[in-house]
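The values are calculated or read from the model by the stated rules, or taken from the named source; none is laboratory data. The shown structure was predicted, so the numbers you read here are calculated from the model rather than taken from an experiment. Every residue, glycine among them, receives a Cβ derived from its backbone with ideal geometry; neighbour counts consider all protein chains shown. When the accessible area is computed, the model is the full protein with side chains, heavy atoms only, and any ligands, DNA or RNA have been set aside. Shrake-Rupley method; radii C 1.70, N 1.55, O 1.52, S 1.80 Å.
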Amino acid sequence: GAGVSQSPSNKVTEKGKDVELRCDPISGHTALYWYRQSLGQGLEFLIYFQGNSAPDKSGLPSDRFSAERTGGSVSTLTIQRTQQEDSAVYLCASSLDGGWNTQYFGPGTRLTVL
Amino acid sequence: AQSVSQHNHHVILSEAASLELGCNYSYGGTVNLFWYVQYPGQHLQLLLKYFSGDPLVKGIKGFEAEFIKSKFSFNLRKPSVQWSDTAEYFCAVIAGNQFYFGTGTSLTVIP
């Protein structure tokens with residue numbers, strides 16, 4: 001079946017603009033995760049959705065970052081007033097259930113803030 | 001603060017050489033441990049995981065890892081690497097209901 005998909009694959013924006021990144025998880029997966037991979041920084045957890053529970057936002061780096069998941073499926077990560085340090089690859093993953101079980105990763109969105 | 005350390009940033013091996021990639025974490029409580037791999041141009045994928053039970057875990061493609069609680073380590077091993085193992089390897093830990101990734105180790109296998 002189809003894997004996790006993310007769009008756009010690449011996004012170039014100007015400093016100060018808002019961006020929206022989309023993630024389509026594997027159908028039937030109840031858990032969805034967002035990560036950020038910065039150059040030389042490894043993967044950084046951002047936010048975790050599990051079913052209808054309140055999301056775990058503990059990893060969001062600032063209040064410019066927000067995410068929502070509509071209908072328990074598609075998720076959108078929004079970055080407001082982008083800064084150059086926001087440049088990174090943003091990865092989405094989903095898993096059949098929560099508890100950080102086996103996650104399937106999408107291809108990522110490469111964000112470049114000029 | 002909790003952290004995950006991968007001490008080897010770049011490893012270059014010849015085919016058939018043995019591999020061991022180090023992973024250490026700092027957390028005194030119960031942990032779940034993972035190794036992920038990202039082949040060139042591909043998505044991250046799970047290599048193996050440890051939740052409980054036998055501390056020697058076998059994963060895909062001949063990889064294994066051993067959880068040594070006293071050393072806070074979860075090193076990845078493979079007895080004989082192949083050119084196709086060239087990839088980036090990430091150790092990850094769930095500790096205190098938080099998920100932490102290491103910075104990754106780039107492995108290059110020379111034919």
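Express the carbon and sulfur contribution to the solvent-accessible surface of chain B as a percent, rounded to the nearest whole number, probe 1.4 angstrom. Walk me through the intermediate numbers first.
Numbers: 2790 of 5300 Å².
After summing per-atom areas, the C and S share lands at 53 percent.
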So for R0 = 22 Å, FRET eff. of A:Asp18-A:Leu39 from the Cβ-Cβ r, to 0.05, ends up at 0.45
With a 1.4 Å probe and ligands and nucleic acids left out, the total accessible area lost when A pairs with B, in Å² to the nearest 100, equals 1400
Heavy-atom accessible area of chain A with neighbours in place, 1.4 angstrom probe: carbon+sulfur share in percent works out to 45
Checked segment B:54-103 against the a/c 1.5 cut and the a/b vs b/c comparison, axes a ≥ b ≥ c from its Cα gyration tensor; verdict oblate
Taking R0 as 45 Å and r as the Cβ-Cβ distance between B:Ser5 and B:Gln82, the FRET efficiency 1/(1 + (r/R0)^6), rounded to the nearest 0.05, comes to 0.95
Checked against the positive end of the charge dipole of segment A:5-102 (+1 on Cβ of Lys and Arg, -1 on Cβ of Asp and Glu, about the Cα centre), the farthest of A:Gln50, A:Ser9, A:Ala93 is A:Ser9
Over 32 Å (Cα to Cα) among A:Lys11/A:Lys57; A:Lys11/B:Lys69; A:Lys15/A:Lys57 -> A:Lys11/B:Lys69
Counting only protein heavy atoms and rolling a 1.4 Å probe, one gets per residue an accessible area for segment A:5-102 in Å² of 47
Projected onto the charge dipole of segment B:3-110 (unit charges on the beta-carbon of Lys, Arg, Asp and Glu, signs +1, +1, -1, -1), the Cα from B:Asn75, B:Gln98, B:Tyr39 with the largest positive-side position is that of B:Gln98
